[in-house]
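In what follows, a structure is listed as structure tokens, so that the remarks can point back to it.
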Amino acid sequence: MRTVPFAMPLTARHSRARRASARRQHGAVAVVAAIWLSLAIAALGAIDVGNVYFARRQLQRTADLAAMAAVQMVASSGGCATAATAAQQNAAANGFKTGSTTTIGTTCGRWDTSSNTYFGTSGNPLNAVQVKTTQRVPYFFLGPSRNVSATATAFASNIDAFSLGTGIATINTQQSALLNAILGGLLNTSVSLSVGDTQSLATAHVKLEDLKVALGAATMKGLLGTTVSFQQLMVAMVSALQAGGDTVNAAILQKVAVAIPGGQNIAIGDGGPSAPGLLALGLANPNAAASATINAFDALLVAAQIAQRGPDSGQGSAPVINVAAGLAGVAGISLQIIHPPVLAVGEGGTSADGTYRTQARTAVINASVNLLPVMFTPISLNLGIGSISIAALNTPIMLSLTSAQGTASLSSVGCESTKAATKATIQVAPSIATVCLGANAACGGLINIADVTAWTILTGTIDLTQIALGGTGQLPLAPPSPQPITFNGSSGSFDSSITVNSNAVGSDASTLTAQLLKALPNLLQVTAAGLDLTTVTKPLLAALAPVLSTALQPVFNLLDAVLVPTLSLLGVQVGTATVHNMLLTCGVAQLVN
């Protein structure tokens, strides 16, 4: 007998299905609810995150603008305090109000691409400002408030370009002839620049960016590492002048773009006295010098001297340049360039080792001038018991001078809110020199001072056949003290020259005269009829000293006319020290991180 399965009533089956469906619906609602809750939390979180992002973006904008404003004042007389005030004022002007939940901090320092950290709080001069803005931002949905901050660092290079002792601002016909003779000797060729040519070149400026392009360098650092011949440098300077629209001076400079037989190559970047170059660049970021300029006339004279220096810059290896300029009272001039001068472009202040970052140097030169005999109107000296008559100075005299290196160091650049208040301060240590007089270049032998006739009551008239001055040996001139000079923009231009007094020889002949007179009692020699009467005539020689001072004055006058301008053209000034400031630029602020 077959068993029939139990059959659930229809109503029960429907009830069970409804309960299963309900459970499924409840699970779906829970999933949907969870999804919607997650979306809601994400949306609310996005609002908080977006609010933080917006706050950070506003803080970064505030920090950027404040740092840009502050760095323009960090080189002012107020220094970091003024920079901090400028940052706060700029932030306030852009809607950032400091309070319990908002702060702004300013740190002054130095940005230097040669350091590992780039920005540091030590170093001189200050050229960068770091600004940090902080704000407490509330979370509306995700929890408690949090601090949000932004940091900006701005950098600005304040650059001065200058030279020491090179060039002549105004030049006359005689000085023009001397310049052509000197350049002809340096370049081993005939040079014919007119007075107008020289004066025009003295006002011409070569932009370093244009020189970089003309020499095919990719960066300013690449330019400093470039080595070229004198001719290549002059051609590049011509191109740079043309790029700047100065076709007149480009044509003038083209006249001296010559190849120098046996000349040394010229390094654009200076490596110190042992490895001289055209340009000493003292910048944390060399590319900041792209807008700086150098004077075309100064660069011409410096380059010509570098090209003719000795292989090791030693005195024995430096070639002797003989200059026969046809100057009155001068038989000839010979020159040796021991160390050439260097132009300077860079920032003020000192580096970590205490040396100045930016420093121009004078040349170191041996110079000899062969002075022709000078005839004088007889000079009489009444001694009370007799008289002495000095009739002539009739022997050639050799004057030799050896210079030591002078320096001009940029101690500070103050960039103020006005051009007139902006200034550059340079410490000048003029050249020190030793001079000597003699019958030859070694300052030896006797110089025949005069034919002298003496008359006394006791002796009557006596012909002193020779009163001679023995070789003086090296007489060091008094070393000058460094002197600060300041250039500012009150005249509307920073292209100017300032001359300071130093151990004057030419401009104040009494310095050298006094030293000679001090040595005279031991140097004068008197002979008559072949007999040495020096000892006997000591009192007489002492009385002669002031007379000889007058008699030798024309010799010292020739220093002004010949030796002083000759040395000045080559970057050595013994009588004075002239700094030629070419350009002062307060750097445009730039964000560096």
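The values are calculated or read from the model by the stated rules, or taken from the named source; none is laboratory data. From a predicted model like this one, the values you see are computed outputs, not experimental measurements. Because the Cβ atoms are built from the backbone with ideal geometry, glycine has one as well, and the counts that use them run over all protein chains shown.
Things worth noting here:
- Checked against the criterion of being under 30 Å from Ala250 (Cβ atoms) and at pLDDT 80 or above, the stretch 134-157 has at least one qualifying residue.
- Pick from the stretch 196-225, criterion of a type in the set (Val, Ile, Thr) and within 19 Å of the chain's Cα centre (by Cα), ranking: farthest from Ile306 (Cα to Cα): Thr203
- Scan of the stretch 30-70 for residues that are of a type in the set (Val, Ile, Thr) and at pLDDT below 90, ordered by number: Val31, Val32, Ile35, Ile41, Ile47, Val49, Val52
- Residue match in the stretch 383-393 (condition: farther than 21 Å from Ile333 by Cβ, part of a loop (DSSP other than H, G, I, E, B) and at pLDDT 80 or above): no
- Selection status of Ala202, farther than 23 Å from Leu584 by Cβ and of a type in the set (A, V, I, L, M, F, W, C): no
A quick yes/no check of all residues on (1) surrounded by fewer than 19 Cβ atoms within 10 Å (Cβ to Cβ); (2) touching a Phe, Trp or Tyr at 6+ places or on another chain (Cβ under 8 Å):
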position	(1), (2)
Ala202	no, yes
Val213	yes, no
Ala218	yes, no
Ser229	yes, no
Val256	no, no
Ala292	no, no
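- Every pair of residues 6+ apart whose Cβ atoms lie under 7 Å, when the first sits in the stretch 63-90 and is assigned by TED's automatic domain parsing to the domain that holds Val131 and surrounded by 20 or more Cβ atoms within 10 Å (Cβ to Cβ) while the second is among the aromatic types (Phe, Trp, Tyr) and not in a helix (DSSP H, G or I): Val71/Phe155
- Filter result (among the hydroxyl-bearing types (Ser, Thr, Tyr) and within 15 Å of Ala299 (Cβ to Cβ)) within the stretch 186-203: Thr198, Ser200, Thr203
- Pairs with Cβ under 8 Å, 6+ apart, first in the stretch 98-110 and within 18 Å of Asn124 (Cα to Cα), second loosely packed, with under 15 Cβ neighbours inside 10 Å and small (Gly, Ala, Ser): Gly109/Gly120; Gly109/Ser122; Arg110/Gly120; Arg110/Ser122
- Failed criterion for Thr103 (all others in (1) at pLDDT below 80; (2) surrounded by fewer than 23 Cβ atoms within 10 Å (Cβ to Cβ); (3) of a type in the set (Ser, Thr, Tyr) hold): (1)
- Every pair of residues 6+ apart whose Cβ atoms lie under 9 Å, when the first sits in the stretch 204-231 and is over 20 Å from Phe297 (Cβ atoms) and of a type in the set (S, T, N, Q) while the second is at pLDDT 95 or above and assigned to a helix (DSSP H, G or I): Thr219/Lys212; Thr226/Lys212
- Any chance Ala150 is closer than 21 Å to Gly414 by Cα and either surrounded by 13 or more Cβ atoms within 10 Å (Cβ to Cβ) or β-branched (Val, Ile, Thr) (or both): no
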